Every structure is written in structure tokens, then in C-alpha cells.
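The structure under discussion appears below in the form of C-alpha cells.
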Amino acid sequence: MDILGEILKQVLEGAAQQQQQQQRQPQPQQRPPQAPPQGMPSAKDLGDILTQIFGGGEAQKLPDVVRQFEEKGMRDQVDSWVRTGPNKPVDRKQIEDAFGQRELEGMARSRGIDRDQLAEVLARYIPKIIDELTPAGQLPARR
């Protein structure tokens, strides 16, 4: 079963719907539709990167990802993602601290995307994904 794939699909579909709704809202000044910013990850790139981070469809690296955030002083945030209830935000700098600038640069460069934009996108989605991967409010037992 590809747990991470299903969660990624839900998260990315929700983001696409939210973007479509924002585009449909009347604008005070009608501007031509803008293309996504250059260097932004595509849905496929983002899915591939998140699969790499979490260790495939079974999200085998989830405990390691959680530990990375905890070791960088973000225990409070990551606890809010694992437990039930609202998720505390994380910013681009915290993502860089958790994963390392060199690793983020490598992921971004191999896909032709901007490292800073990748960090922004990961900051938006990682809390949601960890929340979805831990519906019972705790990390799954290691196999």
C-alpha cells in the first residue's frame, strides 16, 4: 500500500483546488493570469522530493524526519504535527536547518528548481503530511 502516495495526492489536489478558487475570485484590477513563478517545483517534482524525504510509499523515514526536526530545536512544532489538533507552522529557515542547505540544494538543482522556493513549499506541506501520516496522534511502530 502506498500510504504516502495517497496523502500526497490529497494534499496536492487540495492545493490545486485552493489555487483555482483564488483565481476565480474577482480581482479589483483585472490582470492577465500569471504563470507559476519560475523555479517552483511541479506537482511531480514535489511528489518525488517528498517521497525521497519520507522514504517511499510506506513513509519508512517518518521517524527520522521527525527526529531531524526535534534535533534542530523544533520539538514543539513537530509534536503539534504528530498529535491531533492544530499544526504549528514552520518557516523556510527552519526547513533549511532541519534538512541542511546542501541537501536542499541538491534536491532543487537535480530538478531545475529554486532552493528557496523548494524550502517554502516544503514548509507548507511537511506539517500537513506528517499530520496525515500520524492520524492516531503518534508515530507508527517501527517494523
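The values are calculated or read from the model by the stated rules, or taken from the named source; none is laboratory data. Note that the coordinates shown come from a computational prediction; the quantities given were computed from them, not determined experimentally. When we count neighbours, we look across all protein chains shown, and the Cβ atoms used for this are built from the backbone with ideal geometry, even at glycine.
List of remarks:
- Selection within the range 94-115 - of a type outside the set (A, V, I, L, M) and in contact with a helix residue (DSSP H, G or I) (Cβ under 8 Å, 6 or more places away or on another chain): GLN94, GLU96, PHE99, GLN101, GLU105, ARG109, ARG111, ASP114, ARG115
- Matching option when the condition is closer than 17 Å to ASP45 by Cβ and aliphatic (A, V, I, L, M), among LEU122, LEU62: LEU122
- Flag if ARG102 is of a type in the set (Lys, Arg) and free of Cβ contacts under 8 Å to residues at least 60 places away in the same chain: yes
- Test: residue in the range 76-87 that is touching a Lys or Arg at 6+ places or on another chain (Cβ under 9 Å), within 22 Å of GLY5 (Cβ to Cβ) and either polar (S, T, N, Q) or in contact (Cβ under 8 Å) with a residue 60 or more places away in the chain (or both): yes
- From the list GLN22, GLN17, GLN52, the lone residue that is of a type outside the set (A, V, I, L, M, F, W, C), modelled with pLDDT of 75 or more and assigned to a helix (DSSP H, G or I) is GLN52.
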